[in-house]
Amino acid sequence: MNFYSTNHQAPELSFKEAVIKGLPQDKGLFFPKEIPSLPASFFEALPGMDLPEIAFQVLQPFTTPDISEADLRAICAEVFTFPIPLKQVKGNIYSLELFHGPTCAFKDVGARFMSRCLQAFTTPGKPVTVLVATSGDTGSAVANGFLGVENVEVVILYPKEGVSDIQERQFTTLGQNIRAVAVEGTFDDCQHLVKQAFSDEALAKDMQLSSANSINVARWLPQMVYYFHAWGQWRKAQPQEVSDAVTFAVPSGNFGNLAAGVQAQRMGLPVRYFIAATNRNKVVPDYLETGNYTPAPSVPTIANAMDVGSPNNFPRMLELFGQDDKALKETVKGYWTDDAPIKTAIRGVNEKEDYLLDPHGAIGYLALEQYLPALQTTGIFLETAHPAKFRESIEAIVGSELALPAQLQAFLNKPKKAGSIPNDYGSFTAVLQEMANTSPAS
Ligand SMILES: *Cc1c(COP(=O)(O)O)cnc(C)c1O
């Protein structure tokens, strides 16, 4: 499949070229030339399919011909090794638990898929260096997703004082092809250093650079897979006569997850509505209500992975509805909330339903509570991270201690290893040049 830029000022590229490039040079986003429809036979078989098989069927039209059928099957089997269960919380409200992967957040899916694609596209002796600036969660998902992947070196830049201990451990304890560098500066400084490296022509002669930003198509497209899997699990548990469409509430920041869900619907998945659920960073719910799209500086909230003031996947949402914002509003509903109701929901659902929400999933849950009585469908919210990733906040809310899942526990016992540089481009390129000179293991 070819991909065009949503700004239409850059050439169309193949899947392989779009993955390596990351962003089109006109600063739009890569978007698939066609959205294929899956046949009725796929949906009939879906309740009985496992995740790797669903992933293969859904992704094959997009990756052909750059990834062979056998390679795609192998990649899907390696990526989707953990369960993504649908759990009933109460009545017609269900939670899609996306936190059973190695770093306990949904970003594991996209990061793992992208790493395998990049590996398929590189040749021994000509490694690709992936640069990532992180404020916490992306770094851990990318580091763990790329760990041990051949011909790919990963450099993670993070603000020295800006990430939590558990986050830092998730990307500084791995070794192998993962290198972490603490910058004496903020997240914005880290991002700035990475951008400077991408526009550095001298550096480009010595190393092949790539970005694992969340707008890369190889991180975005695999997120469709779990919407199909959610519907399949729900359908399997229903008596024959119920209506087939469900509503998804998607806790959103950059809106990659929501845009992936809408694309799944365009491929034929029976979805009645999507709810764009946010914290106080409510640019999209405001747009849905008023028609004005006004990005604003982000404000900090308890659901901090969604503290985004200028959602970078928004152009894909419009493109999915053919730039018709009336069509978009018929399918996508808005919801936003403050921190206080999030805390009340976490406490209440824990006490009454014996189910522990994380602050992001809690926003999806609240959105369904508000909308479901009128919508009259089954509601599924995306539980985007494990509550233990936000241990301090959750323990304060529910008033008891939280056990860490085994994946997170494992990181606590390993020593952190990271380089440290001042916030200065020369120091950063010195690190990169040293890597280029010490010829990497092939
Ligand atoms: C990244 C993230 C989100 C936001 O997802 P988008 O695709 O950027 O909208 C929500 N919850 C958690 C826990 C995240 O890490």
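The values are calculated or read from the model by the stated rules, or taken from the named source; none is laboratory data. If you're wondering where the values come from, they're calculated on a predicted model, not measured in any experiment. Note that each Cβ is placed from the backbone with ideal geometry, even for glycine, and that neighbours are counted across all protein chains shown. Accessible surface areas use protein heavy atoms only, side chains included; no ligands, DNA or RNA. Shrake-Rupley method; radii C 1.70, N 1.55, O 1.52, S 1.80 Å.
Figures for the structure shown
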| read-out | value |
| --- | --- |
| Sum of side-chain charges, residue 385 neighbourhood, beta-carbon under 11 Å (Lys, Arg +1; Asp, Glu -1) | -3 |
| Prolate/oblate/rounded call for region 284-442, Cα gyration tensor, a/c under 1.5 rounded | oblate |
| Placed amide H near residue 153: partners under 5 Å, 5+ positions off or other chain | 128, 129, 130 |
| Whole-percent carbon and sulfur share, accessible surface of region 24-65, 1.4 Å | 52 percent |
| Helix axis angle, 359-375 relative to the chain longest principal axis, alpha carbon, degrees | 30 degrees |
| Heavy-atom accessible surface of region 281-433: percent carbon and sulfur, 1.4 Å | 49 percent |
| Average accessible surface area per residue within region 239-324, 1.4 Å rolling probe, Å² | 36 Å² |
| Selected from 51, 147, 203 as most flexible by GNM, with the chain as the system and alpha-carbon contacts under 10 Å | 203 |
| Helix 137-146 axis, angle to the chain major axis (alpha carbon atoms, nearest 10°) | 70 degrees |
| Gaussian network model of the chain, Cα within-10 Å springs - most flexible of 334, 364, 175 | 175 |
| Part-to-part distance (alpha-carbon centres) for region 28-93 and region 373-406, which is given in Å | 26 Å |
| Sequence of 137, 108, 165 from largest to smallest accessible area, 1.4 Å probe | 165, 137, 108 |
| Shape of region 1-94, Cα gyration tensor, a/c cut at 1.5 | prolate |
| Cβ-based net charge around residue 38, under 15 Å, with every Lys or Arg adding one and every Asp or Glu removing one | -2 |
| Furthest towards positive pole of dipole, 363, 263, 83, structure part the chain, Cβ charges | 83 |
| GNM result for the chain, Cα springs below 10 Å: residue of 306, 114, 267 fluctuating most strongly | 267 |
| Of the trypsin sites (Lys or Arg not before Pro) in region 26-107, those whose Cβ has at most 15 other Cβ within 10 Å and which sit in DSSP loop | 27, 33 |
| For region 327-372: relative contact order, % (alpha-carbon pairs under 8 angstrom, 6 or more apart) | 36 percent |
| Where labels lie 7 Å past Cα in the beta-carbon direction, separation of residue 330 and residue 266 in nm | 1.6 nm |
| Relative contact order (%) - criterion: Cα under 8 Å, at least six apart; region: region 341-417 | 28 percent |
| Taking the chain and dividing mean pair separation by its residue count, relative contact order in percent (alpha carbons under 8 Å, at least six apart) | 19 percent |
